[in-house]
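First the structure, in the form of structure tokens, and then the observations on it.
Readers should treat all values here as calculations from the given coordinates under stated rules, not as data from a laboratory. Please read these numbers as outputs of a predicted model, since none were measured by experiment. In this analysis, Cβ positions are derived from the backbone assuming ideal geometry, glycine residues included, and neighbour counts consider all displayed protein chains.
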Amino acid sequence: MKSVHAVQQNQLPLSEKERPQQGLGAVPQRKDGTLKVTGKATYAAEHSRENLLYGVVVQSTIPSGRITEMDTREAQNAQGVIAIYSHLNSLKINKPDAIADGGAAQTTYTPIQHDRIIHNGQNIALVVAETFEQATYAASLVKVKYAETPALIFPEDKGAKPQDQESLAINIGHAKEAMERAEVRIRAEYVTPREYNQPMEPHGCIAQWQGSKLTVWEPSQWVAGARAEIANWMGIDSHDIEIISPYVGGGFGSKASPATHVALACAAARALKRPVKVVLTRPQTFTGFGGRASTHQTLEMGATQEGKILSIIHHGYNETSLEDVFAEGTNRVTARMYGIENVTSHHSVVPINTATPGWMRAPGENPSAFGIEVAMDEMASALNIDPLALRLINWADHDYELNKPWSSRRLKEAYQKGADAFGWSKRPMAPRSMREGRELIGWGMASGTYPVNQQPAEAMLILQPDGQLTVKSSGADIGTGTYTILAQTAAEVLNIPQERISVELGDTRLPLAGVAGGSQLAGNLTAAVFKTALAVRERLFTLAVDTPDSPLYGTPRDKLVIMDNAVAMTLRPSRQVTFADLLRLSGMPALEISANTFDEGATPAERDKLMSSLSTITRPEEVSAHSWSALFVEVAVDEDFGTVRVRRMVGAFDSGRLYNPALARSQWIGGMVMGLGQALLEEGMIDPRNGRVINNNLADYLVAVNADVPEITTIDVGEPDYKATTLGGKAVGELGIVGVAAAISNAVFHATGKRVRDLPITLDKLV
């Protein structure tokens, strides 16, 4: 990576800036940083269990049909093999409850329960041996014969039947009539291919039974959901299951729900009464769970000659599996970004022979923004209006889709600051008007948005007499910095130095938390920790003023402050009582307090059930709360070969209050880099003959690496938004990718005069 710049503006109000550099808004050392760089952070598959067995998954090689014969004799006789499980000697695995039905399963496919094949790469057997090498070799000896049936490989195949998703329909005003009045119209199709989550940490788990109790070491973005899904599979009470996941080596949505290899590991471990480890190979991750579905959009836009957009007519669809419905809503932002009074949009899913697609960074918003933001650039070109000016002409002063006011929307500030930093005013209108030698230079821009999602959560704080504080939550840190910001939240209230605060995460034994997805966990958990820390502070004040032997006995509570491991008088800090003395006087070995942000009166059982479902995800009711971005990109396109290089990127972001500016910048930059890969590199290549993913490895499935990444500038224009969240922050992690591919596509058009509407933008589409 050549260089990364960051500009901070209006980060926090002055009073908050002046607080000790340990609370929110500060940039302390990451809590997990030293552990990770020294190799002491133990990931799920790295745990060592006594008497451990190794399982290797066998996958199908056809897309549709039935297994007619599975010969495991040679494999069974191989050295070290303990068992081979398939539909012929199936382990009982129950069908899990889908997310849409209030459960936690992304796919309801249950492996090795029958002989039916619904996609190439389906998990059809598990070979278990004493060593990984033995299991791998034996798996290669399993011979399978099939009765193949015709398959639907692509959603455009004859026989594929779209299913309209009525819940995603948008009807605002009278789009058809308004389109007829439009003086200028554009109509185009926008396509995104299959993409695959490729985190560095492979998908793998260890399952161990102790009597009726099951422990699973699983890299999870949502331990409560993992526990619920595994309980479904195994047919046991969820409280008999513990999920342990303190560290997650990337997920991008793919580790929100356990994939079916986890079911196989749990069932095999129960049958063999020994712990079993199952880790997918890199090729198996392309079909062992779903990546981002391919999408297709048709968007018609009509406007006046002055640039006022009158109407949008939009239809989109994505592929899904034969087993489950997964909607990658292509109209998530279509009616929200701009002030358009007439919009009609429908979205469909098309079942085909593929793995059930799943979440991948900004599902829905990402492809939706690609369509609308490229269409805006096309309209600007048709009208000969600057693309940024066109966006301002169609500024939305409220949410036209929901007819609600914004909680905050500093998108104009993002436009201004981003354009100034990029030098947008110097951009000539005409395509192919900038060059350096044989390279055509292009400048493009786009907007992005992501909603503020909310879930309740619990937290526990334990204060020791020596001033050591422990923060506990079952929420995950997927590399985004949850450990760090929760310590900062506690420090904000209790004025305890970072080095005295420890954080425990990622275990179902800890207080309840929801999914680390939808860019919501930071807001949810900081709210719970903040509330708990306030309760700790109030309890300390109560002990200080109500304990007869306390030096502060009888002092008015509003005259107290916490400082230096003690409760002290605000104006006479020398008059104080240390935590140690206060707890000793009160007869308490430690102060332990829990709090939550659930509705008042919710029982522990109700809270537990709510956290095992995504149905509790809500958004603010009175306002429309979103984060916003303005993205500016420069590309260089080789005139002879059509190769595209992104030379610089500027992103200006409104994510509300930044709990930790360094972590926020890291997430923005990560999203922008991922968007670059989406625009120029990433594409699942599917063999039309058999549905096989051809490029199922990191040599052929291309992701952005350091050599691809240019100078990146990030600018913070956000201000605290307390209508959106308790502490004023808004979505960060997924915002960074939304609109990036569109900005790059628009820049390529400006450079070459050729409009590429189907990703990725490869040289064959330009020469």
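Looking at the square roots a ≥ b ≥ c of the eigenvalues of the Cα gyration tensor of the stretch 205-308, which shape do they give, rounded for a/c under 1.5, prolate if a/b is larger than b/c, or oblate?
Since a/c reaches 1.5 and a/b is larger than b/c, the shape of the stretch 205-308 is classed as prolate.
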### Message
Run the simple label-point estimate for R66 and S615 please: 7 Å along Cα→C-beta, distance reported in nm.
### Response
3.6
### Query
What are the aspartates and glutamates whose alpha-carbon lies under 14 Å from the alpha-carbon of K412, with same-chain residues fewer than 8 places away excluded?
D397, D420, D654, D716, E719
### Query
Under a point-charge model restricted to the Cβ atoms of Lys and Arg (+1) and Asp and Glu (-1), what is the dipole moment magnitude of the chain relative to its Cα centre, in debye to the nearest 20?
760
### Query
Which FRET efficiency value, to the nearest 0.05, is calculated for Q305 and M685 with the Förster distance at 51 angstrom and r the Cβ-Cβ distance?
0.75
### Summary
When the charge dipole of the chain is computed with +1 on Lys and Arg Cβ and -1 on Asp and Glu Cβ about the Cα centre, the Cα farthest towards its positive end, among L310, Q468, V278, belongs to Q468
### Task
Neighbouring Cβ atoms within 10 Å as the yardstick, rank E365, E683, E156 fewest first.
E156, E683, E365
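Residue separation times 0.36 nm, minus the C-alpha to C-alpha distance between N89 and D558: what's the value?
Length difference between fully extended and current span is 161.9 nm.
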### Task
Could you calculate the FRET efficiency of V767 with S425 from 1/(1 + (r/R0)^6), where r is the beta carbon distance between them and R0 is 35 Å, rounded to 0.05?
0.65
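Once the Cβ-Cβ distance between D507 and Q468 is put in as r, and R0 is 22 Å, what FRET efficiency do you end up with, to the nearest 0.05?
0.65
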### Beta bridges per DSSP with both ends in the stretch 236-375, % antiparallel, nearest 5
45
### Task
Return the percentage of antiparallel bridges among DSSP beta bridges fully within the chain, rounded to the nearest 5 %.
75
#### Entry: Flagged links, alpha-carbon separation over 23 Å, of K559/K723; K40/K472; K277/K609; K308/K404
K559/K723; K277/K609
### Query
For C205, C266, what ranking results if the residue with the fewest other Cβ atoms within 10 Å of its Cβ goes first?
C266, C205
### Summary
Here the gain from full extension of A389 to H239, 0.36 nm per residue of separation minus their alpha-carbon distance, amounts to 48.3 nm
### Task
Taking P(r) over Cα pairs in 20 Å bins from 0, in percent as the quantity of interest, determine which of (1) 14, 42, 32, 11, 1; (2) 16, 46, 31, 7, 0; (3) 13, 23, 16, 14, 13, 13, 8, 1 was computed from the displayed structure.
(2)
### Query
Normalised by the residues of the chain, what does the relative contact order come to in percent, with Cα pairs under 8 Å and at least six apart?
18
### Query
If you stretched the chain out fully between T34 and Q163, how much longer would it get, using 0.36 nm times the residue separation minus the C-alpha to C-alpha distance?
41.5 nm
### Task
Find the centroid of the Cα atoms in the stretch 400-416 and in the stretch 275-329, then give the distance between the two in whole Å.
25
